[in-house]
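Each remark here refers to the structure printed beneath this line.
The values are calculated or read from the model by the stated rules, or taken from the named source; none is laboratory data. Only a predicted model underlies this, so the values are computations on that prediction, with no experimental measurement involved. Every residue, glycine among them, receives a Cβ derived from its backbone with ideal geometry; neighbour counts consider all protein chains shown.
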């Protein structure tokens, strides 16, 4: 654990108060700073992440009754995008197989993902982002899948409208389903401009300009790629950068539509 904050805090406290009590107060604040910094470090992408992620993926695939070939393909694509090595891939396959068993308790995987996120909302959005391709692998979202995803969101502190906005960013929510609804995946020819910008920001079309700006700033603070460390997989970095671009594009589209600069 870093002690830089403690040392600096102690020196500053001694300089300000000129007594041992000031030194202790400064060291205490420095300790709080060190703890905050340590919590912001990039989490490990090892088994503590892979095991619950793919176990939950297996449970998702099985939740509507059967595991289809598109769902298996989506899980395999996720392994490839995360660039898992041979051992990690073996673990992922094993946990996916376990997760799709009838007696598997999805709550155990949810607890594992919550522990990995450590209360960080940016990491919660990464987890959901990675799983959405599998959620919509068969097109329309089955109610059983939605129920399971909602349980995960509740555990990670992600609201219904935030899940809808994230789905919209990836092209999984149509304007017809409403900014808080969930639709089928659009055809492959769909362009970013076809996605409802209000759905991306998670707001209604009747929102005033202040609400639009507030929603934009909130989303950028949650999804900004600079929040991630330098040692996360390229796929996760790419997705974070893509989300940031989509949020910016949606905001610029709305401003242009409203005649704002």
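A few remarks follow.
- For residue 130: the one exception among (1) in the same structural domain as residue 53 (by TED's automatic domain parsing); (2) in a helix (DSSP H, G or I); (3) surrounded by 20 or more Cβ atoms within 10 Å (Cβ to Cβ): (3)
- One residue from 164, 140, 57 being within 30 Å of residue 198 (Cα to Cα) and assigned by TED's automatic domain parsing to the domain that holds residue 242: 164
- Reported count of residues in the range 133-156, each being in a helix (DSSP H, G or I) and surrounded by 17 or more Cβ atoms within 10 Å (Cβ to Cβ), is 9.
- Scanning the range 78-116 for residues that are surrounded by 13 or more Cβ atoms within 10 Å (Cβ to Cβ) and in contact (Cβ under 8 Å) with a residue 60 or more places away in the chain yields a total of 6.
- A single entry from 168, 176, 164, 124 fulfils the requirement of being assigned to a helix (DSSP H, G or I), crowded, with 23+ Cβ neighbours inside 10 Å and at pLDDT below 85: 168.
- Any hit, the range 72-79, residues being under 17 Å from residue 96 (Cβ atoms) and at pLDDT below 90: no
- Taken over the range 147-158, the criterion of being more than 14 Å from the chain's Cα centre (by Cα) and over 12 Å from residue 131 (Cα atoms) is satisfied by 147, 151.
- Of all residues making up the range 65-77, the number that are in contact (Cβ under 8 Å) with a residue 60 or more places away in the chain, surrounded by fewer than 17 Cβ atoms within 10 Å (Cβ to Cβ) and in contact with a helix residue (DSSP H, G or I) (Cβ under 8 Å, 6 or more places away or on another chain): 2
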